[in-house]
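The values are calculated or read from the model by the stated rules, or taken from the named source; none is laboratory data. Keep in mind it's a predicted model, so treat the numbers as computed, not measured. FYI the Cβ positions are ideal-geometry reconstructions off the backbone, even for glycines, and counts take in every protein chain you see. We work out accessible area using only protein heavy atoms, side chains counted, and drop any ligands, DNA or RNA first. Shrake-Rupley method; radii C 1.70, N 1.55, O 1.52, S 1.80 Å.
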Amino acid sequence: MNFCAKKKPVVITNLASVISGPEWTLHYIKNVCGSKQVSLKAPRPHSSEWAGLENSPVTRVEDYLTALPEHLYLFDWSLPLNAPELAKNFHVPEYFEDNLLTKTGPGAMYRDSWPSLFIGAKGTGSGLHVDAFGSHFYMYLISGRKRWKFYPAERIKDLNPVFWDSLDPTFPKDIDPTIPSYTVDLCAGETLFVPAGCPHTVLNLEQTVAVSGNFVNQTNVQLFKKHMKVNALKDPRSFDLLQEMLNLNLIA
């Protein structure tokens, strides 16, 4: 909770077992959910989409994993909604269990969106972005290496954010090199916490498999409410979620 409030990214090592059952290799994942459909993302350096990720045609998980193309990314694929067989064997680390989004009723927006799966070939990744709707984020890296580049949250205005239809900005490709930043290489077996509002990029240095989650607790609930009120202007589900959380005394 202290690192949430301080808005400091943290790498956590030596966690107790996060995954039970067989190792999540590509072969195992293909056997468990190869017939499922997935909408892939295509990283584009000059894209105006969030994180520079363009939608790509739907394909089968097995076909994607067999080819593992260098230009496509399996990104933030909900395990509870798409692969419950995998979801039941993933245990959210205790640091991230305090999540207001999971205390709502069945069918509520975001309740079953996470944990989610990320798989990418070497060279894939995501452009500069801030995690959506004011949420905190964690990622457990199963295999491979990922390079994260962070910018200070208080310098986000200097990154020239563009707000299209929400409070989740996109950013130009060319960033002022004088703005301070730092990089972290996340290795297999490590977990990364990314606080709400922290701009970052991600590059897969190797073929990677990872599981992630977005969450809201008391340290970012006010930012979450601000985002959702704006989102509710065009998405009634956001209004419904806020109303339900208010009725359940999860927010005030």
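Table for the structure above
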read-out	value
For the stretch 109-178, with +1 on Lys and Arg beta carbons and -1 on Asp and Glu, the positive-most of S116, S143, G127 along the dipole	S143
Shape call, the stretch 1-83: gyration tensor on alpha carbons, a/c limit 1.5	oblate
The stretch 92-244, accessible surface, carbon-and-sulfur percent (1.4 angstrom probe)	52 percent
Karplus (6.51, -1.76, 1.60) ³J(HN,Hα), θ = phi - 60°, over the stretch 112-126, in Hz, Gly and Pro reported as x	10, 6, 10, x, 10, 9, 10, 9, x, 6, 3, x, 7, x, 10
Solvent exposure of the chain as accessible area per residue, Å², 1.4 Å probe	49 Å²
For the stretch 66-109, with +1 on Lys and Arg beta carbons and -1 on Asp and Glu, the positive-most of A67, G107, Y95 along the dipole	G107
Shape category assigned to the stretch 107-236 from the gyration tensor of Cα positions, a/c cut at 1.5	oblate
Assigned charges on the beta-carbon of Lys, Arg, Asp, Glu; the stretch 209-252 dipole about Cα centre (debye)	160 debye
Alpha-carbon spread of the stretch 32-72, three principal axes, descending order, Å	34, 16, 14
Dipole magnitude of the chain, debye to nearest 20 (Cβ charges: Lys/Arg +1, Asp/Glu -1, about Cα centre)	280 debye
Accessible surface, 1.4 Å probe, highest first, among residues K173, K146	K173, K146
Listed candidates (1) 45, 45, 38; (2) 54, 44, 29; (3) 62, 39, 39 - label of the one calculated as Cα extents along the principal axes in Å	(1)
Residue-wise HN-Hα coupling along the stretch 20-33, computed from phi with Karplus coefficients 6.51, -1.76, 1.60 (Hz; x: Gly, Pro)	9, x, x, 5, 7, 7, 4, 4, 5, 4, 4, 5, 7, 9
About the Cα centre, charge dipole magnitude for the stretch 38-174 (Lys/Arg +1, Asp/Glu -1 at Cβ), debye	340 debye
